[in-house]
Amino acid sequence: MPAKHEWPFIIVANRLPVVRGKGKSEGTWRRSPGGLVSALTPIVQNSGGAWAGWTGTTGPAPDPFVHDKITHLPVPISRTQLSSFYDGFCNGTIWPLYHGAVREPNYHRRWWRPYVTVNRRFAEITAKSAAPDASVWVHDYHLQLVPALLREMRPDLRIGFFLHIPFPPEELFGRLPWRRQILEGLLGADVVGFQTQGDAQNFLRMAKRYTEARIEGGWLHIHGHMVDVGSFPVSTDFEHYNEMASEPQVVKRSLQLHQQVGQGRKIILGVDRLDYTKGIDVRLRAFQELLARRPDAVRECVFVQLAVPSRGRVGEYRELRKHVEELVGQINGEFGEVGLTPVQYLHRELPFDELIALYRSAEVMAVTPLADGMNLVAKEYVATRFDDTGVLILSEFAGAAEELKTALQVNPHDVDGLAETINMALSLPEKEATRRMSRMREVVSGHTVYDWADSFMQALSA
Ligand code: ADP
Ligand code: G6P
């Protein structure tokens, strides 16, 4: 294993790309959930850099190790930090606030202090592991203080920061008691990247309002340091999904799923982490509304909702699970027929090929978050539709809506509108569906996850 000050390129993110298995799979590693890991894994595998992050288990961190062609530099998180830093400040304050306050954010000083401590720990481990003049790319809302801390410890480094979730407007960001500290933390980077222009504009406005930063020649200037702020929409490994989709075992499995689950009906698919930002409950209510208006639709379509377990220690997530499961039970009880279930609900992760087979089996994909930085599921679905089939229903409030303009775009809060759009998607003429899908495929294939990383790294080395 490399000694100190060894790595010319380091990714720093709260989670490592793998988490340690529990129970029967104790001792094994499996892929971590979420879009950040999906986006960065192929980049680090191809660049040969190292990845600093948390293993998903509390207590002392294991020694650095290599898994799946990636060097992992584990950062320890204690049990108390898990509740105050991760469940608390990250997922009880920042996550709801940055996602449009779709749940009430909590502001607790007892959560803020551990946020500072954990950010410092990440910065220290990175500072020790980076080669002279190395490039460090820090990710997401858990680590917003790391850029400035790292600059203080290692002024020789080039530091980039990318936020995977939305950056909120002033009405929301201004509420944060630690708004100045967060902004100054981010401004320690040489490049600060966001998913959309809107997010970048919000950040620029907040930096001017609450810090001493000034804009000159398109850059932010603060304390003699220049910061490049821009939008870098994240994407997916288009070719990989496209190729996997036509692998014989995937084709076979998707036909099988269609027969077993579809039973001659069209499949409407939802794939999300079980998170209140994803609009799963409103989507189910829209499907319920559709069945109430047209009970015969139960013989035309089936709704498959795949929900990946997520942040189950946080109260709002447990409540959401209960609510979603009640809704599924209600819809199936009310509209099901013997042998015909309107909603199939799975609360688990799936192996990659099974997920691709599901994407392939779905005539309609419903991606309806109330707020979302990008939403990779939408882009992954498009990447698997090599024959230009399939209809994507997409929330106006997902970052992906800026690029995927020919999706059927919806207001995800509007139950009636969503019910109508699902109905429309089920009967969209083939020619129209093909026109829309082929345009989206041009967009996603023209801007892949590699283009995303290249454009960010170019900005970082400029
Ligand atoms: P978020 O980052 O908020 O979770 P995204 O849509 O951007 O949302 O990313 C979710 C990622 O998780 C996608 O890459 C998707 O393929 C993956 N994923 C979603 N559901 C499953 C599942 N059941 N099993 C495995 N991976 C999944
Ligand atoms: C989103 C966030 C990531 C996070 C992922 C999974 O994609 O942007 O930073 O890792 O969700 O959430 P978790 O809390 O399990 O890390």
Going toward the positive end of the dipole of the range 232-276, with +1 on Lys and Arg Cβ and -1 on Asp and Glu Cβ, which of Gly262, Gln249, Pro233 do you reach last?
Gly262
Protein accessible area in the range 238-445, 1.4 Å probe - carbon and sulfur %
49
Roll a 1.4 angstrom probe over the protein heavy atoms and tell me the percent of accessible area of the range 37-144 that is carbon or sulfur.
48
How much accessible surface area, in Å² rounded to 10, belongs to the heavy atoms of Thr80 with a 1.4 Å probe?
100
Determine ³J(HN,Hα), in whole Hz, for all residues of the range 368-378 in sequence, where each value follows from phi through the Karplus function 6.51 cos²θ - 1.76 cosθ + 1.60 and θ = phi - 60°; x replaces Gly and Pro.
10, x, 6, 7, 7, x, 10, 5, 7, 4, 4
Kindly report the accessible area of the chain per residue (heavy atoms of protein chains, probe 1.4 Å, no ligands, DNA or RNA), in Å².
40
For Phe173, Phe232, Phe397, give me the order by solvent-accessible area with a 1.4 Å probe, most accessible first, ignoring ligands, DNA and RNA.
Phe397, Phe232, Phe173
Counting only DSSP beta bridges with both residues in the chain, what percent are antiparallel, rounded to the nearest 5?
25
Protein accessible area in the range 152-197, 1.4 Å probe - carbon and sulfur %
47
Could you work out [θ]222 nm for the chain from helices alone, using -39500 (n - 2.57) per DSSP H run of at least four and dividing by all its residues? Round to the nearest 500 deg cm²/dmol.
-12500 deg cm²/dmol
Top to bottom by accessible area (1.4 Å), largest first, where do Thr406, Thr117 land?
Thr117, Thr406
Placed amide H near Arg15: partners under 5 Å, 5+ positions off or other chain
Trp54
Pair-distance profile P(r), taking every C-alpha pair of the chain, with 10 angstrom steps and integer %
4, 20, 30, 26, 14, 4, 1, 0
Total charge dipole magnitude, the chain, about the Cα centre, Cβ charges on Lys, Arg, Asp, Glu only, Debye to nearest 20:
1260
To the nearest 20 Debye, how big is the dipole of the range 184-245 about its Cα centre, given +1 on the beta carbon of each Lys and Arg and -1 on that of each Asp and Glu?
480
At a probe size of 1.4 Å, how large is the accessible area of Asp87, to the nearest 10 Å²?
20
In whole Hz, the Karplus estimates of ³J(HN,Hα) for the range 203-208 (6.51, -1.76, 1.60; θ = phi - 60°; x where Gly or Pro) are 5, 4, 4, 5, 5, 5
Separation of the range 439-462 and the range 218-271 by C-alpha centroid, Å?
14
Please give the contour-minus-distance gain from Ser78 to Trp219: 0.36 nm per residue of separation, less the Cα-Cα distance, rounded to one decimal in nm.
46.9 nm
Give a residue-ordered list of calculated ³J(HN,Hα) values for the range 283-291 (Karplus: 6.51 cos²θ - 1.76 cosθ + 1.60, θ = phi - 60°; whole Hz; x for Gly, Pro).
4, 5, 5, 5, 5, 4, 5, 4, 5
Which residues' amide hydrogens lie under 5 Å from the amide hydrogen of Trp137, considering only partners 5 or more residues apart or on another chain, with H built in the peptide plane?
Ile10, Ile11, Val12, Gly160
Acute angle (nearest 10 degrees) that the helix 415-426 long axis makes with the longest principal axis of the chain, alpha-carbon atoms
70
Give the calculated FRET efficiency between Gln256 and Glu349 to the nearest 0.05, with a Förster radius of 22 Å applied to their Cβ-Cβ distance.
0.65
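The values are calculated or read from the model by the stated rules, or taken from the named source; none is laboratory data. The model shown is predicted, which means the values in this text are computed figures rather than measured ones. Note that each Cβ is placed from the backbone with ideal geometry, even for glycine, and that neighbours are counted across all protein chains shown. To get the accessible areas, we keep the full protein, side chains included, count just its heavy atoms, and leave off ligands, DNA and RNA. Shrake-Rupley method; radii C 1.70, N 1.55, O 1.52, S 1.80 Å.
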